[in-house]
1. Is one or more of the residues making up segment 195-206 within 18 Å of the chain's Cα centre (by Cα) and modelled with pLDDT of 90 or more?
2. Filter segment 189-200 down to the residues that are surrounded by 15 or more Cβ atoms within 10 Å (Cβ to Cβ) and outside any helix (DSSP H, G or I) and list them by number.
3. For segment 220-235, which positions are part of a loop (DSSP other than H, G, I, E, B) and without any contact (Cβ under 8 Å) to a residue 40 or more places away in the chain?
4. When you scan segment 100-110, do you find a residue that is outside any strand (DSSP E or B), buried (at least 20 other Cβ atoms within 10 Å of the Cβ) and at pLDDT below 80, even just one?
5. Against the definition (in the same structural domain as Val126 (by TED's automatic domain parsing), touching a Ser or Thr at 6+ places or on another chain (Cβ under 9 Å) and polar (S, T, N, Q)), how does Gln88 come out, yes or no?
Amino acid sequence: MNTTRSGRPALTRPDGTALRVLVVDDDPDLSEVLTGALRYEGWQVRAAADGAAALAAARELRPDAVVLDVMLPDMDGFTVLRRLHETQPEVCVLFLTARDAVEDRIAGLTAGGDDYVTKPFSLEEVVARLRGLLRRAGMARRPEPEEDPGLVVGDLVMDEDAREVTRAGELIELSPTEFELLRFLMRNPRRVLSKAQILDRVWSYDFGGRAHVVELYISYLRKKIDAGREPMIHTVRGAGYVLKPVTG
């Protein structure tokens, strides 16, 4: 079975070969981190720093998905998308946009983009969004014979690809940041996680993030996950937070 370096079954193309992803961003540090995270998924990844290089790379790679920055030095991402779609109309495109750039999001989706994430972002969110896009487009499959139930802690269940969370069968609506925070907690059940660990994992690109942000989002999660139910999210004074399944 084809797996990622983390041991999770890898998504592949329908013919079993590695998915192909093109990363387009003129920030070399960000591009390097993104390509590394996607290669960790077992995918074939290329990077380009501007629109012209992206179009040339796309002709060679024939990508299944493109992670595309809106602001590039030679042309904007919307122009790159239009030219990509002239020869590869089915390619999935995930836009990277500046924080609060609502006009970029609307323009990107109107131009034919499939999804977007705003900078600063979580690497895990980018990977999860791509996995979901590729599966919904029918361009990827999971090689194992049985459906992955997702993350499960007690009666709390998270489908990472569909980005859905339920507790006792009831659907819980979460913001992208709440989802990433809960995912980190669910991947480490019964383990006390410090505010510093949570900041590093969930707000890895939000360098202005501080400890009070963690407290705020933990309170948001509690209102949605624990409201009217036996609590699962607990505070360990002086140490951090821990997610525990309800027992008995």
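1. no
2. Going through segment 189-200, the residues surrounded by 15 or more Cβ atoms within 10 Å (Cβ to Cβ) turn out to be 189, 193-195, 197-199.
Result: Pro189, Leu193, Ser194.
3. Of everything in segment 220-235, those that are part of a loop (DSSP other than H, G, I, E, B) and without any contact (Cβ under 8 Å) to a residue 40 or more places away in the chain turn out to be Asp226, Ala227, Gly228, Glu230, Pro231.
4. Among the residues of segment 100-110, at least one is outside any strand (DSSP E or B), buried (at least 20 other Cβ atoms within 10 Å of the Cβ) and at pLDDT below 80, which makes the answer yes.
5. On the way: in the same structural domain as Val126 (by TED's automatic domain parsing): yes; touching a Ser or Thr at 6+ places or on another chain (Cβ under 9 Å): no; polar (S, T, N, Q): yes.
No, not satisfied.
The values are calculated or read from the model by the stated rules, or taken from the named source; none is laboratory data. Fair warning: this is a prediction, and the values are worked out from it, not measured in the lab. Note: ideal-geometry Cβ built from the backbone for every residue, glycine included; neighbour counts use all protein chains shown.
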